[in-house]
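Following: one structure in structure tokens, then a few remarks.
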Amino acid sequence: MRLLTTVITLFGVAVIVFVVIRVVPGNPIAMMLPPGATDADIARLQAQYGFDKSIFDQFLIWLSGVLQGDFGTSISLRQPVSRLVLNRLPATLELSIMALLMAVLMGGALALFGTRFRDGKTEGVVDVTAGMALSIPDFLWGLVLILLFGVLWPVFHISGRISPALNVDFTTNFYLFEAIARLRFDVMADLAAHMFMPALALAIPLAAIISQLLKQSLKETMHLDYVTLARTKGYGENHVITREALPNAILPTLTLVGVQFTFLIGGTVIIERLFSYEGLGNMAIDAVINRDLPLIQGIVILFALLFTIVNLAVDMLYVVLNPRLRHA
Amino acid sequence: MRDARGDMRRPVGLRLWLSGGWLTLLVAGAIFAPWIAPKDPLMQDLFLGRLPPFWESGTEPGFWLGTDSLGRDVLSRMLYGARLALVVALVAGTLTCIIGAALGLIAGYYRGWPDRIISRFVDIWMAFPPVLFAILLIAVLGPGLWSIIIAIVVIDWTRFARVIRAEAMTQGAMDYVASAQVAGRKRFGTMLTEILPNVLPTIVVLLTLEMGIAVIVEAILSFVNLSISTDSPTWGGMIAEGRTSVHQAWWVLVFPLIALFLTVLSFSQLGEGLKDRFDPVLR
């Protein structure tokens with residue numbers, strides 16, 4: 001059932017993307033040709049890209065291609081969209097996963113800290129920090145980080161994904177994962193130094209959301225009977241929070257992290273641009289600037305697919321982590 | 001029913017003063033830009049390129065916050081950039097608010113089939129990630145000021161519709177609405193004279209937050225060069241220029257960034273502050 005709605009959603013996205021793109025004023029073919037091109041040239045190229053058929057036929061051709069992994073040919077880069085997009089996807093995935101890890105660690109730590117020292121000045125500080133972090137979007141955090149760690153105290157790289165001087169031959173495009181697997185610590189350090197700031201910029205707003213919600217659920221859980229029981233058994237406050245309250249309080253946060261993770265992946269579009277990081281989002285902006293319709297379609301569909309997978313994964317994780325559902 | 005007079009008696013918090021103060025300053029700067037800007041924001045002079053701000057050595061009189069690589073005055077460009085940022089905030093924010101709030105009111109008060117249709121649209125909209133939506137819309141509409149405004153309205157109306165629908169539903173179930181009906185008021189009239197005033201505080205809060213979003217969206221799109229033409233001064237455009245020359249001339253990036261940062265923060269703090277003031281539970 002869940003899978004069926006997923007397929008319907010994806011189909012809906014495909015239809016919307018296709019229809020919206022076809023409303024585009026201005027002929028993309030005309031932009032590809034030099035000014036002196038004849039009408040015959042235009043017609044030939046239109047036939048080559050299938051623009052001479054009816055919209056419905058174009059959609060069927062395009063959809064059957066998409067299902068076979070053929071997203072057409074990029075107009076500006078003149079290469080298959082599927083290859084371009086899949087080459088860039090690993091970079092975006094690595095960045096997003098890194099950002100998610102940072103957000104969970106920072107947000108979780110902040111929430112635990114705020115709960116441990118609740119009803120005091122420390123909690124107030126935690127609340128204000130999270131509130132501020134949340135009201136500033138990732139784009140601005142990225143710029144602030146560039147000034148801090150790129151200019152004032154230049155410890156990290158402000159652009160690119162890897163130093164060209166390293167000259168490593170990767171077999172996959174998952175540079176970081178591959179470097180970890182091959183135990184190339186020098187490469188890992190270089191990749192991390194490039195990835196740190198964009199990942200942190202993406203992570204800060206999410207960390208704030210996580211800390212706010214997790215702290216709230218923790219505080220609610222702390223009033224429950226079984227937590228009081230653990231206290232009367234003589235367990236210390238740290239044990240009570242992390243071992244007793246946390247497993248129960250984490251579930252609402254998990255659902256939220258799923259939704260927010262898709263927003264974070266969406267945020268990579270502008271953050272990759274800001275840090276000249278060679279990922280899918282950076283390519284998306286170039287595609288919009290060049291009005292490269294097949295490429296835009298491919299990227300949007302891939303993003304939609306990614307979001308759907310994340311949502312499915314969170315649903316499954318929820319079942320695994322929720323003791324009430326595990327045995328049902 | 002909420003007592004609107006009660007709001008006024010509470011002391012205005014520091015964050016409302018600070019955020020309101022910055023925004024007032026900004027509006028004044030934007031309106032009077034042609035009179036107070038020290039230089040022409042478009043005037044280039046390559047001999048005056050990358051002048052530092054006034055407190056450093058090697059400056060020229062009149063260029064308070066320095067110049068960019070083409071010798072254009074940073075302060076003047078910021079003042080003119082504020083005009084665009086505020087126009088987008090005002091126009092996009094208001095249009096989103098009117099469309100979203102109207103649909104939310106109708107759905108929440110009339111219920112029945114209007115509610116079913118509007119709610120279904122909201123659900124579909126929310127399932128579509130905003131960034132992808134924005135990419136698609138800008139690709140279709142082409143770069144430009146109106147594209148930005150249309151994109152914001154088309155993407156964000158659900159923010160208002162969802163919240164106002166819920167509020168209108170709660171208000172519609174209250175006794176005073178039933179009394180108005182018994183007294184012979186038309187439904188549409190009741191919606192405007194009874195429901196609307198009571199959801200107005202929420203609308204104002206959402207509008208304030210939406211304006212902050214509009215400012216950042218405009219900055220991002222002009223940063224990636226998908227806003228209005230490149231010669232018009234925009235904060236995002238200045239930040240993009242400053243980003244490339246950050247090691248040679250930090251001030252080209254820092255000053256517009258501070259302005260953008262304070263503006264976005266002010267709108268959100270103003271919204272949150274108003275929310276606290278209007279919320280009867282907290283009062």
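The values are calculated or read from the model by the stated rules, or taken from the named source; none is laboratory data. Just so it is clear, the model here is predicted, and its values are computed rather than measured. All Cβ positions, glycine included, derive from the backbone under ideal geometry; neighbour counts span all protein chains shown. Accessible surface is based on the protein model in full, side chains and every heavy atom, while ligands, DNA and RNA are left aside. Shrake-Rupley method; radii C 1.70, N 1.55, O 1.52, S 1.80 Å.
Packing, as the average of other Cβ atoms within 10 Å across residues, places the peptides B:15-23, A:296-304 in the order A:296-304, B:15-23, highest first. Residues in segment B:240-248 carry Karplus couplings, in order, of 4, 5, x, 4, 6, 10, 5, 7, 8 Hz; the curve used is 6.51 cos²θ - 1.76 cosθ + 1.60 with θ = phi - 60°, and Gly or Pro positions show x. Descending by average beta-carbon neighbour count within 10 Å, the peptides B:178-190, A:254-266 line up as A:254-266, B:178-190, the highest first.
Which parts of segment B:134-171, residue by residue, lose 40 Å² or more of accessible area when the rest of the protein chains are there, as against the chain isolated (1.4 Å probe)? Listed by number, the residues meeting the 40 Å² cut-off are B:ILE135, B:LEU136, B:ALA139, B:VAL140.
Within segment A:161-220, report the trypsin sites (Lys or Arg not before Pro) that DSSP leaves as loop and that have at most 14 other Cβ atoms within 10 Å. Mind showing how you got there, number by number?
Numbers: sites: A:ARG161, A:ARG182, A:ARG184, A:LYS215, A:LYS219; in loops: A:ARG161, A:ARG182, A:ARG184.
Loop-located and lightly packed - A:ARG182.
Heavy atoms of chains B and A lose about 3100 Å² of accessible surface on contact, summed over both sides with a 1.4 Å probe. Here the Karplus relation 6.51 cos²θ - 1.76 cosθ + 1.60, evaluated at θ = phi - 60°, turns the backbone of segment B:36-46 into coupling constants of 9, 5, x, 10, 6, x, 9, 5, 9, 8, 5 Hz, with x for every Gly and Pro. Residues B:GLU272, A:GLU178, A:GLU244, ordered by accessible area of protein heavy atoms at a 1.4 angstrom probe radius and largest first, appear as B:GLU272, A:GLU244, A:GLU178.
By the Stokes-Einstein formula, at 0.890 mPa s and 25 °C, the protein assembly as shown with its Kirkwood radius over alpha-carbon pairs has D equal to 91 µm²/s. In segment A:293-320, comparing the full protein assembly with the chain on its own, the residues that lose 40 Å² or more of accessible surface at a 1.4 Å probe are A:VAL300, A:PHE307.
Remark: chain A carries a charge dipole of roughly 660 debye about the Cα centre, counting +1 on each Lys and Arg Cβ and -1 on each Asp and Glu Cβ.
Round to a whole number: what % of the accessible area of the protein assembly as shown belongs to carbon and sulfur, probe 1.4 Å? Let's see the in-between values first.
Details: 19910 of 29580 Å².
Looking at the protein assembly as shown in its full context, I get 67 percent from C and S.
Give me a single rounded figure for A:131-144: the average over its residues of other chain Cβ atoms within 10 Å of their Cβ. Walk me through the numbers before you get to the answer.
On the way: counts 3, 3, 0, 2, 10, 5, 8, 1, 9, 9, 1, 1, 12, 2.
Mean number of neighbouring Cβ atoms from other chains: 5.
Contact residues in segment B:247-270 (at least 30 Å² less accessible area with all protein chains than alone, 1.4 Å probe): B:HIS247, B:LEU253, B:LEU257, B:PHE261, B:VAL264, B:LEU265. Entry note, the protein assembly as shown: the mean residue ellipticity at 222 nm calculated from DSSP H runs of n ≥ 4, each adding -39500 (n - 2.57), is -23500 deg cm²/dmol after division by the residues and rounding to the nearest 500.
Take each residue of peptide A:155-161, count the partner chain Cβ atoms within 10 Å of its Cβ, and average: the result is 1. Tell me, what is the FRET efficiency for B:MET126 and A:LEU3 to the nearest 0.05, using R0 = 22 angstrom and their Cβ-Cβ distance as r? Calculated transfer efficiency: 0.60. In the full protein context, chain B carries 47 Å² of accessible surface per residue, based on a 1.4 Å probe and ignoring ligands, DNA and RNA.
Quick check on packing: order A:58-69, B:199-210, A:267-278 by the mean number of other C-beta atoms within 10 Å, highest mean leading. Write out the running numbers ahead of the final one.
Numbers: A:58-69: 13.6, B:199-210: 21.2, A:267-278: 24.4.
Put in order of decreasing packing, that is A:267-278, B:199-210, A:58-69.
For A:ASP225 and A:TRP153 in one chain, what is 0.36 nm times their gap in residues minus the Cα-Cα distance, to one decimal in nm?
Details: separation 72, 0.36 × 72 = 25.92 nm, distance 4.98 nm.
Separation in residues times 0.36 nm, less the Cα-Cα distance, equals 20.9 nm.
On the beta carbon distance between A:THR255 and B:ASP45, with R0 = 51 Å, the FRET formula returns roughly 0.35.
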